[in-house]
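J.: Sharing a structure below in structure tokens format, with a few things to ask.
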Ligand code: C5P
């Protein structure tokens, strides 16, 4: 069910990120996604600053390592008080369960844990010839999603076009976090399989991740409000 719009803060520095967020009025605190570029450049300080400003944070670092390393890294991220983190389902079940353990705080609370199935940059040829996976892409994605659900993860990152099928296979409460969102009549850029916020809201997406249609808009605050209006209906 349509829950919230997450703005992808794909900026290289904290200064540019804060300048962007400063355009929003005091009482309006969008859910934001921080990725590798900004986190590796600025470190945990940028997370603390955004939490202090009242934003919910999806920390998009896509962890993938041996279970013990992921458990310990997730414990560190959990202490940063982020709201959503992710990992690669390709790390397999033991790693996913270790991640959940590491994320769980002493009081039992934890950030949402979302799995990446196959990267959208991996095409059918790479899947077969380089990863040596003979199963068709769609089945591979759904199978990884089911593994994540069985391990107790909260959801997957997927295309808005896959959201309904993920729900069908993994259960209605299994979350779908979907990039590839564009306004009607907007520029698709490098995204190929796209959907409008309104369609995404009607297609089983729980969270939409919107970057350039908001960050590059002439009026980003209005673009954000439009995305929320259309997505939540
Ligand atoms: O600017 P745009 O709306 O395309 O940004 C979408 C965001 O979602 C970017 O941060 C991008 O890295 C991320 N993403 C994606 N496709 C995926 C996974 C993540 O576009 N499959």
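Readers should treat all values here as calculations from the given coordinates under stated rules, not as data from a laboratory. Everything numeric in this text was worked out from a predicted model, so none of it was measured. With ideal geometry, Cβ positions are generated from the backbone for all residues, glycine too; neighbour counts draw on all protein chains shown.
J.: Kindly indicate whether residue 233 is out of contact with any strand residue (DSSP E or B) (no Cβ under 6 Å at 6 or more places or on another chain), over 19 Å from residue 57 (Cβ atoms) and away from the ligand (no atom under 12 Å from the Cβ).
T.: In short, yes.
J.: Being more than 15 Å from the ligand (Cβ to nearest atom), in contact (Cβ under 8 Å) with a residue 12 or more places away in the chain and within 20 Å of residue 33 (Cβ to Cβ) narrows it down to one residue among 112, 142; which is it?
T.: Of 112, 142, the one residue that is more than 15 Å from the ligand (Cβ to nearest atom), in contact (Cβ under 8 Å) with a residue 12 or more places away in the chain and within 20 Å of residue 33 (Cβ to Cβ) is 112.
J.: Moving to a separate point now. Would you mention how many residues in segment 101-116 are part of a strand (DSSP E or B) and surrounded by fewer than 22 Cβ atoms within 10 Å (Cβ to Cβ)?
T.: Here the count works out to 1.
J.: In this structure, is residue 168 more than 10 Å from the ligand (Cβ to nearest atom) and over 17 Å from the mean Cα position of the chain (by Cα)?
T.: Considered against the rule, which asks whether it is more than 10 Å from the ligand (Cβ to nearest atom) and over 17 Å from the mean Cα position of the chain (by Cα), residue 168 comes out as yes.
J.: Can you pull out every residue in segment 125-142 that is out of contact with any helix residue (DSSP H, G or I) (no Cβ under 9 Å at 6 or more places or on another chain) and surrounded by 14 or more Cβ atoms within 10 Å (Cβ to Cβ)?
T.: Those that are out of contact with any helix residue (DSSP H, G or I) (no Cβ under 9 Å at 6 or more places or on another chain) and surrounded by 14 or more Cβ atoms within 10 Å (Cβ to Cβ): 126, 128.
J.: Just one of (1) over 17 Å from the mean Cα position of the chain (by Cα); (2) part of a loop (DSSP other than H, G, I, E, B); (3) in contact (Cβ under 8 Å) with a residue 40 or more places away in the chain trips up residue 160, so point out which.
T.: Checking residue 160 against (1) over 17 Å from the mean Cα position of the chain (by Cα); (2) part of a loop (DSSP other than H, G, I, E, B); (3) in contact (Cβ under 8 Å) with a residue 40 or more places away in the chain, the one that fails is (1).
J.: I'd like to know if segment 179-188 contains one or more residues that are assigned to a strand (DSSP E or B), within 18 Å of residue 213 (Cβ to Cβ) and touching a helix residue (DSSP H, G or I) at 6+ places or on another chain (Cβ under 9 Å).
T.: Yes: one or more hits.
J.: Out of 188, 227, which single residue is over 17 Å from the mean Cα position of the chain (by Cα) and within 11 Å of the ligand (Cβ to nearest atom)?
T.: 188
J.: Out of the residues in segment 16-36 meeting the condition of being outside any helix (DSSP H, G or I), within 12 Å of residue 55 (Cβ to Cβ) and more than 18 Å from the chain's Cα centre (by Cα), tell me which one is farthest from the ligand (Cβ to nearest atom).
T.: By that ranking, first place goes to 28.
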